[in-house]
Amino acid sequence: MLDKAFADHFTADWIDSWNKHDLDRILSHYTDDFEMSSPVIIKVAGEASGTLKGKEKVGVYWAKALELVPNLHFELITTLVGVNSITLYYKGARGLSAEVFHFNANGKVSKAYAHYTQNL
């Protein structure tokens, strides 16, 4: 089970790394074979399933997303803690957003799911 200290540290570092557009730091939170699902993947990466597998593929997608939204900034609303997962609820480029992160035993994200209030 994840504790509040882990969740707070992850959240602060994740938000800060995105707000600084530091792709290497962003990717450091994830396993090499992690899986990312987002409706934006369909539009930006052209992947009809909305899911990308592997840090390299997701890194290419996120690099492109950072280029498309050069003023990207996230504002945390709250962090929700589960058994082996955390959900971040924040304001982002697409309005209100929530991302669910599933962690492995080493504290790295193995799967992530993004949700948005704004139509894509």
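Coordinate-derived values only; no laboratory data. Note that the coordinates shown come from a computational prediction; the quantities given were computed from them, not determined experimentally. In this analysis, Cβ positions are derived from the backbone assuming ideal geometry, glycine residues included, and neighbour counts consider all displayed protein chains.
Remarks
- Using the Cβ of W14 as centre and a radius below 10 Å, the other residues enclosed give a net charge of -2, where K and R count +1 and D and E count -1.
- Rounded to whole Å, the principal axis extents of the Cα atoms in the range 8-74 read 33, 27, 17, largest first.
- Taking the C-alpha atoms of the chain, convex hull volume expressed per residue in Å³: 94 Å³
- Taking the charge dipole of the chain about its Cα centre, with +1 at Lys and Arg Cβ atoms and -1 at Asp and Glu Cβ atoms, the residue from H73, V44, W62 reaching farthest to the positive side is V44.
- Net charge, L68 excluded, C-beta distance under 14 Å - Lys, Arg +1, Asp, Glu -1: +2
- Mean separation of Cα pairs under 8 Å and 6 or more residues apart, divided by the residue count, gives the chain a relative contact order of 26 percent.
- Qualifying lysines (Cα of each under 21 Å from Cα of K64; at least 8 residues distant if same chain): K20, K43, K53, K55, K91, K111
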